[in-house]
Structures are given as structure tokens and as C-alpha cells.
């Protein structure tokens, strides 16, 4: 059985794997099935066809239920809500970060 998954703002294939299967291991199979790379940016509202996991360790029902019960939608990609104006992500390590 296959399902279509509608992506949310800022989601990655890893987010989708955790949201739908409760495990990041399923991201590789999702990517192969959808013809995508793990690092592809996914526009919000895109439909991705999800495969049935082929290995039991790719499905963690406890995580799926915990995410659903808390109304969580994993979203770790960079989007309009994430503004990185400072911090280690914006530093030029050889110029502004000194270790010593």
C-alpha cells in the first residue's frame, strides 16, 4: 500500500520519514522511491508518494503515535521562519571564532 504525503514548510525527507514512519532510516527508501536525493529541497504542498517500509526497523509506531498525539509536524529545513542572522552558522570560523 502506498500513501501520498503532502509536505509542509521547511520539511526534509528525514522529517517526513520520522513523521510518517517514526524512524529516519526510512528516508533512504523514500528518496529512492520518489526519485529524490536526501538533500533535495521540498516545496511546501508537494505530494510525495511514500513506499511501504521493507524492514521492520524502519517503522517505529510508538514515535508515530507520540508525534500524532502532540500534533507535531517535524520541520528541520531552512524556511522563512528560520532566520540565521547570527550564531555559529553565520560565523566565519577563520575570522570571527577564536579557540584558545
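The values are calculated or read from the model by the stated rules, or taken from the named source; none is laboratory data. Keep in mind the model is a prediction, meaning the values are calculated, not measured. Please note: Cβ atoms are built from the backbone with ideal geometry, for glycine as well, and neighbour counts cover all protein chains shown.
A few points about this structure:
- Members of segment 1-19 that are in contact with a strand residue (DSSP E or B) (Cβ under 7 Å, 6 or more places away or on another chain) and either part of a loop (DSSP other than H, G, I, E, B) or at pLDDT 90 or above (or both): 2, 5, 6, 7, 16
To keep it simple, each residue is scored yes or no on (1) surrounded by 12 or more Cβ atoms within 10 Å (Cβ to Cβ); (2) part of a loop (DSSP other than H, G, I, E, B); (3) in contact with a helix residue (DSSP H, G or I) (Cβ under 8 Å, 6 or more places away or on another chain).
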{"site": "23", "(1), (2), (3)": "yes, yes, yes"}
{"site": "30", "(1), (2), (3)": "yes, no, yes"}
{"site": "39", "(1), (2), (3)": "no, yes, no"}
{"site": "48", "(1), (2), (3)": "yes, no, yes"}
{"site": "52", "(1), (2), (3)": "yes, yes, no"}
{"site": "62", "(1), (2), (3)": "no, no, no"}
{"site": "74", "(1), (2), (3)": "yes, yes, yes"}
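- Taking segment 6-21 as the range and being within 14 Å of residue 64 (Cα to Cα) and surrounded by fewer than 19 Cβ atoms within 10 Å (Cβ to Cβ) as the test, no residue passes.
- Test set (1) at pLDDT below 90; (2) touching a strand residue (DSSP E or B) at 6+ places or on another chain (Cβ under 9 Å) - residue 73 fails condition number: (2)
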